[in-house]
Amino acid sequence: MEKKKIDWSNLGFAYMQTDKRYVSNFRDGAWDQGTLTEDAAVVLNECAGVLQYAQTIFEGLKAYTTEDGRIVTFRPDLNGERMEASALRLEMPVFPKERFVDAVTQVVEANAAYVPPYGSGATLYLRPFMFGSNPVIGVKPADEYQFRIFCTPVGPYFKGGVKPLTICVSDFDRAAPHGTGHIKAGLNYAMSLHAIVSAHKEGYDENMYLDPGTRTKVEETGGANFLFVTKDEKVVTPKSDSILPSITRRSLVYVAKEYLGLEVEEREVLLEELKDFAECGLCGTAAVISPVGKIVDHGEEICLSSGMNAMGPVTQKLYDTLTGIQMGRIEAPKGWIHVIA
Ligand SMILES: *Cc1c(COP(=O)(O)O)cnc(C)c1O
C-alpha cells in the first residue's frame, strides 16, 4: 500500500476528505448491514430530528502506526461502549459495540494510505457519529437513524514543543446535575461555544468548568478531563456524575497505579485546593495529556509549581508511558491495542 503524498508533520487539526467512510442506517427497528462508501455527503429532509432537536452523539479515536509498522487503534471497545451509553441517554438505538469495532476496523483498512507513518507525530483521527434522520416536528425521538464513521489525518498535537496552557475558571456551566455531561453528545458542545470563544477573546486557552450545583468543585474543560498531581506525587482526578468519562484519563489512572506505582485518588476536587497542587494536565485522545501552567479565577492567578515552560515531572512520566504503550515501545495491558494491519 502506497501512502498518500501528505506533509504529515505539518498537518493541523482540520478535516481532510479521505477515500472511504462507513454508513449504516436504522429503519423499521433494525440496523442494516452497513457498507463503505465514497460519498461524503449526507442528504437529509429539512425536518430531520438532528436538525430540529439536536439528536446526535459522537465519538473520537485515532489510528496510528506503531514502532514495528503495525496499524492499530487504542481501546476502541471503550469508545463503542461509551457510544452505547450516549445513545441510551438520548433515546437513540444502540449500535452494538462489536459492530462499532468492526466498522472502525473497516474504515481504517480502507483508508490505510492516510494513516501517518511512525514518528511523524500525526495520526488518523476517526469520527464515529449517529443522528436522527427522519422528519420529527413534535418533540420526540426520531424513528430512523444513520451511523457513520469518517476519518481524517491530523497533525501532531505538540507542534514545536509543549507549551503549558493558561485556563480560566468559567462563569458559564457545562453540564447540569443529572443532565447530559457524562455522554458524548453534540448538544454539550453547542452550548460551550460561546464560553470558549469568550475565553479565547480574553487570552485563555481553555475553560475550567465548576459543578453548577455549588460552583465550588472542579469538573472538566469543554473537551478534556483534569488530572492533578499533589506535591507528594499523588495523582488526583475529579469524580462527578456530570464529567465525560475520558478513556485517556481512565488509561492514565491505570498507568499511574500499575506502571508508575503512584497513589491515585478519584474524588471531589475543590476549587480552593487548586493552589496546593504541583501539576495539572488535561486528558483527551488528541493530546493524551496537555500540561496546565496557570489557572485564573476571576483575576486571582494560581500558578502550578511545574511552571510555564514544560510538563511537570509526573505529567511527563504519565505522557511518556501512555504514548510508549500506544506506539508499541512499552508492553500494553491485555486488550488495549487493537491491531488492524
Ligand atoms: C471526548 C471528551 C473527553 C476526552 O475523552 P477521551 O476518551 O479521552 O478522548 C473529555 N471531556 C469531554 C467533554 C469530551 O467530550
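Quick notes on this one:
- For the stretch 142-164, filtered to residues that are of a type in the set (A, V, I, L, M) and under 30 Å from G293 (Cα atoms), the residue that is modelled with the highest pLDDT is V154.
- Among the candidates L274, L252, L282, residue that is touching a helix residue (DSSP H, G or I) at 6+ places or on another chain (Cβ under 9 Å), at pLDDT 95 or above and of a type in the set (A, V, I, L, M): L252
- Residue list for the stretch 294-331, filter: assigned to a loop (DSSP other than H, G, I, E, B) and surrounded by fewer than 17 Cβ atoms within 10 Å (Cβ to Cβ): H298, G299, S305, G307, M308, N309, A310, R329, I330, E331
- Of all residue pairs spaced 6 or more apart or on separate chains, those with beta-carbon atoms under 7 Å, a first member in the stretch 314-325 that is under 16 Å from Y157 (Cβ atoms) and a second member that is part of a helix (DSSP H, G or I) and at pLDDT 95 or above are L318/L252; L318/V255; L318/A256; L322/S251; L322/L252; L322/V255.
- For the stretch 17-41, the tally of residues that are touching a residue at least 60 places away in the same chain (Cβ under 8 Å) and closer than 21 Å to N79 by Cβ stands at 11.
- Each residue in the stretch 25-38 was checked for being assigned to a strand (DSSP E or B) and either among the charged types (D, E, K, R) or within 16 Å of the ligand (Cβ to nearest atom) (or both), and 1 pass.
- Strands (runs of 3 or more DSSP E) (entirely within the stretch 201-282) containing at least 2 residues that are more than 17 Å from S305 (Cβ to Cβ): 206-208, 235-238, 264-267
- Matching entry among F277, F226 (being touching a residue at least 12 places away in the same chain (Cβ under 8 Å), surrounded by 16 or more Cβ atoms within 10 Å (Cβ to Cβ), more than 13 Å from the ligand (Cβ to nearest atom) and among the aromatic types (F, W, Y)): F277
- Residue within the stretch 39-52 that is in a strand (DSSP E or B), modelled with pLDDT of 95 or more and more than 15 Å from the ligand (Cβ to nearest atom) present: yes
- Taking the stretch 231-255 as the range and being touching a strand residue (DSSP E or B) at 6+ places or on another chain (Cβ under 6 Å) and more than 11 Å from the ligand (Cβ to nearest atom) as the test, the residues that pass are K231, V235, V236, T237, P238, K239, V253.
- Test: residue in the stretch 175-189 that is charged (D, E, K, R) and within 23 Å of F277 (Cα to Cα): no
- For P212, the conditions (1) free of Cβ contacts under 8 Å to residues at least 40 places away in the same chain; (2) within 15 Å of the ligand (Cβ to nearest atom); (3) within 20 Å of the chain's Cα centre (by Cα) all hold with the exception of (3).
- Among the residues of the stretch 229-263, those that are more than 19 Å from G284 (Cα to Cα) and either without any contact (Cβ under 8 Å) to a residue 12 or more places away in the chain or of a type in the set (V, I, T) (or both) comprise T230, D232, G261.
- Residue count for the stretch 155-189, restricted to those that are more than 13 Å from the ligand (Cβ to nearest atom) and under 29 Å from F26 (Cβ atoms): 2
The values are calculated or read from the model by the stated rules, or taken from the named source; none is laboratory data. Everything quoted here is computed from the prediction, not taken from an experiment. In this analysis, Cβ positions are derived from the backbone assuming ideal geometry, glycine residues included, and neighbour counts consider all displayed protein chains.
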